[in-house]
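**Q** To start, I am sharing the structure in question, which I have written as structure tokens.
The values are calculated or read from the model by the stated rules, or taken from the named source; none is laboratory data. All values derive from a computational prediction rather than experimental measurement. Counting neighbours? That spans all protein chains shown, and the Cβs are built from the backbone with ideal geometry, glycine included. Heads up: the accessible areas ignore ligands, DNA and RNA and are worked out on the full protein's heavy atoms, side chains in. Shrake-Rupley method; radii C 1.70, N 1.55, O 1.52, S 1.80 Å.
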There are 2 protein chains.
Amino acid sequence: MISAIPPVPDSEFAERITKVQAHMAGAAIDLLLAFSTESEPFYSRYLADYWPNFETAGVLIPSSGDPALLIGPESGTYAGLKSRIRRIIRMPDFRESSQPQYPGVTLPSWGDIFTEFKSDTFGIAGWDLLPHFIYCNIEKEFKGAIVNADDIVRSIMMIKSPLELDLLRESARLSELSMSAVLDKIKPGMTETQVVGIAVAAMTEAGAESPGYSLWCTSGKNTTAAIGRPSLKKIERGEMVHLQLGAKYNGYSTAIARPLVFGTPGPSMKKFMQLGCDAENMTNDLMRAGVRASDVARKVHGFITERGYGDTILYGPAHGCGHMECEFPFVETSSSWLLEKNMTFQSDMFLATNKYGFRFEDAVIVRENQPAEELSSLRREVIVL
Amino acid sequence: MISAIPPVPDSEFAERITKVQAHMAGAAIDLLLAFSTESEPFYSRYLADYWPNFETAGVLIPSSGDPALLIGPESGTYAGLKSRIRRIIRMPDFRESSQPQYPGVTLPSWGDIFTEFKSDTFGIAGWDLLPHFIYCNIEKEFKGAIVNADDIVRSIMMIKSPLELDLLRESARLSELSMSAVLDKIKPGMTETQVVGIAVAAMTEAGAESPGYSLWCTSGKNTTAAIGRPSLKKIERGEMVHLQLGAKYNGYSTAIARPLVFGTPGPSMKKFMQLGCDAENMTNDLMRAGVRASDVARKVHGFITERGYGDTILYGPAHGCGHMECEFPFVETSSSWLLEKNMTFQSDMFLATNKYGFRFEDAVIVRENQPAEELSSLRREVIVL
């Protein structure tokens, strides 16, 4: 089945800009730049449907009136095809890391931008991503205050619209489909990288625009890494295999992760994996609108610790998802905020000893008075092939 | 045939550090940070064989003695498995963009770093990538001068060792193999994304660690974009199709790009494509050790302009390759430097009107007194299927 959920319409993109402008007014910010990169594209995708490649990008939003998409010198035509923001401005600061000079090409400077977009307080979303050299170029030309504006865009992005929820459901369906294709084809002797290639071919054939992040399959000792990349190591019988997959669909990304073993896992390996599965199920049950996020983290970590595996915990049991498979906010024992209806998360149970590790992970939608809606559940069990 | 070129040995990584330290002494820099991200990993891959995922990274090199790899809180085990630098330091500034807090985890600060790694002049490579917030955190704790050190690492990276050349040859073989797989299987009615999935599955089955960059296939109007991403559009007969592929092998990336048409291209389309093919061949012939890079760009652009297509040029005819498919330096009409033996480039001929565009692209190695060594050449012609 090829995907058929429509992309977000222009009208919903326009609403997002209007919401940001309303929040800007509340924070006395009269110009906002939302900065994005190839690997961290969440803001430019959310506000303009634009995912930079090679170059970087920014969405410039005045206190009222039309926004502009700021891009690098080579992306003009690409941005014209993809951007939902019609005004596109090429600037040298957004060029690629190979640093071409483009002799003979004259592009607007930050001085030109601030002459047109007058402002007293300039908010920057993507504060932790913005390169120092761009900050310096802005600071030279901007006479007012420059402030961190991440909270403004994030507070809007965190609650998903009905269409966004459908796009995430479709992403999860494609993620699950890629897991299914891998479970059908994976065999001892395949390389970790080859397994990822099978997943990518399956999801793109079914309608994914791309993987949602840098996917991996790891095996044996390589499974101890919470964050990984596949290697040329061949998968062997009896060892832990970690599948970390996920599809991007019209901008929206989820993940599905499962551990599996060829042959018979030892009883301690099996018991540890079952604990991880139970902890994910517990997380999905606890995540409900109105619940304090730290309570979810404390209860799940308490459960794992009671069972004797406390020292295998590396981070909180869930994190936001949307344009990124891992997006603000993270659910941790320090998270004092309340879960809200239509927030979306990855329940993400990674546990590891120094010999092997594994992850159970699925996307969920927070609901009221009931467990989270699970967007994937395929073989959430100790998989033995 | 599965790839069998060995990865770069630890000894060659150690030599790279020693070379950087020698260049640091010449520039009176006594501590260097080479910063990298998931999408711009060239420095950390070159100096430590480390490609961050989700988080960022830095390689810290003192004037003498052992370097350290600086990573985010979740990548400790991953870095332990991959890094050729043994000393690994987890720091909060290298965390992922979802901004987890990791309550209860205490990690070293920049103050701790500068207490151990004493320095008067701190050089930063990856100047245009370093986030402003990290720069501020460094500046608060560092008492000396902070300077741009890109030239130090780049000047070493630009000339490839014999093993690096073999790794690039293998990357190009895998890139060509993926092109071949696509040309065997591509059909009208396939989506652009599906075509990319076929390429990824073919290259990873044959030994690639991953695609070398965000690959694309575009068709029709979408081919006008110099930088692109594949969409769910279906390929049609008679329209331009742009294949932009490339494999990463043990850290090294090349690209191969070809235009093709199903059915019969019109005579003007055919003539335009043939010009692009001729211009790439001319570039490969001109790129020789001792030649000024700007002369290559001027001659190739002159040739295109004489044929009447000058307004279809967007950038210079070649750019460096190595850890990135597009890496410093770029060959432009302003490039006053001389080509050297064992520099490696992508000859990259992208031309577009407002109706369609195309690219011929292949990796090459600069040689003395003869045309560049071409690492791929598969069907460098006007491909009609």
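**Q** In the stretch B:178-222, what residues are out of contact with any Pro (no Cβ under 7 Å at 6 or more places or on another chain), part of a strand (DSSP E or B) and within 9 Å of chain A (Cβ to nearest Cβ)?
**A** B:T191, B:S210, B:P211
**Q** Right, here's the next one. Answer yes if at least one residue in the stretch A:224-246 is open to solvent by less than 20 Å² (accessible area, probe 1.4 Å) and either acidic (D, E) or within 16 Å of A:R169 (Cα to Cα) (or both), and no otherwise.
**A** Among the residues of the stretch A:224-246, at least one is open to solvent by less than 20 Å² (accessible area, probe 1.4 Å) and either acidic (D, E) or within 16 Å of A:R169 (Cα to Cα) (or both), which makes the answer yes.
**Q** Pairs please, first residue from the stretch A:100-124 and within 13 Å of A:I29 (Cα to Cα), second anywhere and among the aromatic types (F, W, Y), Cβ atoms under 6 Å, 6+ apart in sequence or on different chains.
**A** Sorted first by the residue in the stretch A:100-124, then by its partner, the pairs are A:F122/A:F142.
**Q** Please determine, by comparing only the residues of the stretch B:360-371 that are surrounded by fewer than 24 Cβ atoms within 10 Å (Cβ to Cβ) and not β-branched (V, I, T), which one is nearest to the chain's Cα centre (by Cα).
**A** The qualifying residue nearest to the chain's Cα centre (by Cα) is B:R367.
**Q** Evaluate the stretch A:255-263: report whether one residue or more is within 21 Å of the chain's Cα centre (by Cα), of a type outside the set (A, V, I, L, M, F, W, C), within 14 Å of chain B (Cβ to nearest Cβ) and in a strand (DSSP E or B).
**A** No.
**Q** Among what's in the stretch A:8-45 and is under 17 Å from A:H323 (Cα atoms) and among the basic types (K, R), pick the residue that is nearest to the other protein chains (Cβ to nearest Cβ).
**A** A:R45
**Q** Please go through (1) within 11 Å of another protein chain (Cβ to nearest Cβ); (2) open to solvent by 10 Å² or more (accessible area, probe 1.4 Å) for B:E340 and return the number of the only condition it doesn't satisfy.
**A** Only one criterion in (1) within 11 Å of another protein chain (Cβ to nearest Cβ); (2) open to solvent by 10 Å² or more (accessible area, probe 1.4 Å) is unmet by B:E340, namely (1).
**Q** Hey, another quick one. Could you list, in sequence order, the residues of the stretch A:264-283 that are free of Cβ contacts under 8 Å to residues at least 60 places away in the same chain and outside any loop (DSSP other than H, G, I, E, B)? Give the steps one after another, and end with the answer.
**A** Of the stretch A:264-283, the ones free of Cβ contacts under 8 Å to residues at least 60 places away in the same chain are A:266-268, A:271, A:278, A:282.
Result: A:P267, A:S268, A:K271, A:D278, A:M282.
**Q** Residues of the stretch A:372-385 being open to solvent by less than 50 Å² (accessible area, probe 1.4 Å) and either closer than 14 Å to A:M282 by Cα or not in a strand (DSSP E or B) (or both), which ones?
**A** Restricting attention to the stretch A:372-385, the residues satisfying the condition of being open to solvent by less than 50 Å² (accessible area, probe 1.4 Å) are A:372-373, A:375-376, A:378, A:380, A:382-383.
Within the stretch A:372-385, A:A372, A:E373, A:L375, A:S376, A:L378, A:R380, A:V382 meet the criteria.
**Q** Now, a different point. Look at the stretch A:247-283 and say how many of its residues are of a type in the set (S, T, N, Q), open to solvent by less than 10 Å² (accessible area, probe 1.4 Å) and over 22 Å from A:T312 (Cα atoms).
**A** Keep residues of the stretch A:247-283 that are of a type in the set (S, T, N, Q), which gives A:250, A:253-254, A:264, A:268, A:274, A:281, A:283.
Filter again for open to solvent by less than 10 Å² (accessible area, probe 1.4 Å), leaving A:253-254, A:283.
Filter once more, keeping what is over 22 Å from A:T312 (Cα atoms): A:253-254.
Selection size over the stretch A:247-283: 2.
**Q** Follow-up. Among what's in the stretch A:284-296 and is touching a residue at least 60 places away in the same chain (Cβ under 8 Å) and over 20 Å from A:S377 (Cβ atoms), pick the residue that is surrounded by the most Cβ atoms within 10 Å (Cβ to Cβ).
**A** A:A289
**Q** For the stretch A:166-199, name all the residues that are under 26 Å from A:G322 (Cβ atoms) and open to solvent by 10 Å² or more (accessible area, probe 1.4 Å).
**A** A:D166, A:R169, A:E170, A:R173, A:E176, A:L177, A:S180, A:A181, A:V196
**Q** Select from the stretch A:121-149 the residues that are more than 11 Å from chain B (Cβ to nearest Cβ) and closer than 22 Å to A:P41 by Cβ and write down the one among them that is surrounded by the fewest Cβ atoms within 10 Å (Cβ to Cβ).
**A** Step one: of the stretch A:121-149, the residues more than 11 Å from chain B (Cβ to nearest Cβ) are A:121-123, A:125, A:140-145, A:147, A:149.
Narrowing further to those that are closer than 22 Å to A:P41 by Cβ: A:122-123, A:125, A:149.
Values: A:F122: 22, A:G123: 27, A:A125: 27, A:A149: 25.
Taking the candidates together, the pick is A:F122.
**Q** Show the residue pairs that are 6+ apart or on different chains and have beta-carbon atoms under 8 Å apart, the first residue being within the stretch A:5-19 and closer than 20 Å to A:K248 by Cβ, the second being modelled with pLDDT under 95.
**A** Every condition considered, no pair remains.
**Q** A follow-up question, please. Identify, from the list B:F328, B:F303, B:F345, the residue that is among the hydrophobic types (A, V, I, L, M, F, W, C), open to solvent by less than 50 Å² (accessible area, probe 1.4 Å) and not in a helix (DSSP H, G or I). So that I can check it myself, show each step before the final result.
**A** Values: B:F328 fails: open to solvent by less than 50 Å² (accessible area, probe 1.4 Å); B:F303 fails: not in a helix (DSSP H, G or I).
Of the residues listed, the single one that is among the hydrophobic types (A, V, I, L, M, F, W, C), open to solvent by less than 50 Å² (accessible area, probe 1.4 Å) and not in a helix (DSSP H, G or I) is B:F345.
**Q** Now for a different question. Just checking, how many residues over the stretch B:22-55 are in contact (Cβ under 8 Å) with a residue 40 or more places away in the chain, open to solvent by 30 Å² or more (accessible area, probe 1.4 Å) and part of a helix (DSSP H, G or I)?
**A** Within the stretch B:22-55, residues that are in contact (Cβ under 8 Å) with a residue 40 or more places away in the chain, open to solvent by 30 Å² or more (accessible area, probe 1.4 Å) and part of a helix (DSSP H, G or I) number 1.
**Q** Assess whether B:F350 counts as being part of a strand (DSSP E or B), open to solvent by less than 50 Å² (accessible area, probe 1.4 Å) and in contact with a strand residue (DSSP E or B) (Cβ under 7 Å, 6 or more places away or on another chain).
**A** Values: part of a strand (DSSP E or B): yes; open to solvent by less than 50 Å² (accessible area, probe 1.4 Å): yes; in contact with a strand residue (DSSP E or B) (Cβ under 7 Å, 6 or more places away or on another chain): yes.
When the stated conditions are applied, B:F350 passes them.
**Q** Just to check your reading of the model, which residue among A:I5, A:I71 is within 13 Å of chain B (Cβ to nearest Cβ) and at pLDDT below 95? Outline the logic, then answer.
**A** On the way: A:I71 fails: at pLDDT below 95.
When all the criteria are applied, what remains is A:I5.
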